[in-house]
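Dumping the structure here so I can ask a few things about it.
The values are calculated or read from the model by the stated rules, or taken from the named source; none is laboratory data. Note that the coordinates shown come from a computational prediction; the quantities given were computed from them, not determined experimentally. For neighbour counting, all protein chains shown are included, and Cβ atoms are generated from backbone atoms with ideal geometry for every residue, glycine included. In case anyone asks, the SASA skips ligands and DNA or RNA and just uses the protein heavy atoms, side chains included. Shrake-Rupley method; radii C 1.70, N 1.55, O 1.52, S 1.80 Å.
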Amino acid sequence: MTDATFDADLGALRAQTARLLDTASSLDDEALRGPSLCTGWTRAHVLAHVTRNARAMRNLVATVQGTPTPMYPSRQARDADIEQGARQSRDELLAELRTSAEELDQVLAGLDDAARAATAQVGSGHTLTGAQLPWHRLREVAWHHVDLDAGYSFADAPAELVGRWFEEEVAALRADADTPSMCLRTDERDVVSFGDGRPTVSASRAGMLRWLLRDRADQIDAPAQDRLPRLRPTTPNPTHEEDPQ
């Protein structure tokens, strides 16, 4: 990864974080306690997770800088911390969200060449280099912004980011032996086949991501929802850290 890519990812992360903070700030307490797209989580749970992910990623930064630090003390501690965070007042929740993002931005911006080349293990067990951390965090921020179900969708993200996420998901589908037969056709003229290439699923890239990543087919043009292939479970599960793929 070049310095230019790292800088671009960090810049995109800052922009998407600002958008998430704007949306979060627009939510009153009643909205925060309402359901998100994450099964079993309120919007407050989603924001509490994003905050704690920022703190956990600072542990990854410490690791690539030479001080090995687990991303989370344990799965149980992670889940309990999110539950506690979701019960905070609106002001406390938003303040922590903003502060944790600012603190992570500072340490990411300070990564030197050695730290960018070093590796750390994320919660799912995958290994990332320091240079990949802004991109991983960017997905956490933008995808969970979608999960708030508060007006922001994949279609609101820059087309370049949507294109990269789509390419990554296609690669993940190709690597998954359980991917069903289908052909993905996007408004941006992508044509991607799996198995015998039937049925054809048509949508914009953003709409396709909403289906592939969040199991929401409301932006799929065809086929009818009852004819869509059955995907592996993709709806965010509160008990598992997102796979960086």
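Considering segment 174-191 alone, what residues qualify as being closer than 14 Å to L228 by Cβ and out of contact with any Leu (no Cβ under 6 Å at 6 or more places or on another chain)?
Of all residues in segment 174-191, those closer than 14 Å to L228 by Cβ come to 179-185.
Scanning segment 174-191 gives P180, S181, M182, C183, L184, R185.
Further question on the same structure: Which residues, counting only those in segment 35-86, are exposed (fewer than 15 other Cβ atoms within 10 Å of the Cβ), more than 23 Å from P134 (Cβ to Cβ) and not charged (D, E, K, R)?
P35, T39, G40, P73, S74, Q76, A77, A80, Q84
What are the pairs with Cβ atoms under 9 angstrom where one residue, in segment 101-122, is surrounded by fewer than 17 Cβ atoms within 10 Å (Cβ to Cβ) and the other, located anywhere, is part of a strand (DSSP E or B) and among the aliphatic types (A, V, I, L, M)? Sequence gap at least six, or different chains.
Filtered contacts from segment 101-122: T119/L128; Q121/L128.
Which of the helices (runs of 4 or more DSSP H) found entirely inside segment 100-184 contain at least 1 residues meeting this: under 20 Å from L20 (Cβ atoms) and under 17 Å from the mean Cα position of the chain (by Cα)? Step through it out loud before you land on a result.
Details: elements: 113-117, 133-147, 159-175.
Correct list: 133-147, 159-175.
Of the conditions (1) modelled with pLDDT of 95 or more; (2) open to solvent by less than 40 Å² (accessible area, probe 1.4 Å), E167 satisfies every one except a single condition; which number is it?
Result: E167 passes all but (2).
I need every pair where a residue in segment 198-211 that is part of a strand (DSSP E or B) has its Cβ under 6 Å from the Cβ of a residue that is surrounded by fewer than 16 Cβ atoms within 10 Å (Cβ to Cβ), sequence separation at least 6 or different chains.
Close Cβ pairs (under 6 Å, with a partner that is surrounded by fewer than 16 Cβ atoms within 10 Å (Cβ to Cβ)) amount to S202/D221; S202/A222; A203/D221.
Could you pull out the residue among A150, A159 that is touching a helix residue (DSSP H, G or I) at 6+ places or on another chain (Cβ under 6 Å), open to solvent by 20 Å² or more (accessible area, probe 1.4 Å) and modelled with pLDDT of 95 or more?
Values: A159 fails: touching a helix residue (DSSP H, G or I) at 6+ places or on another chain (Cβ under 6 Å).
Only one candidate passes the filter, namely A150.
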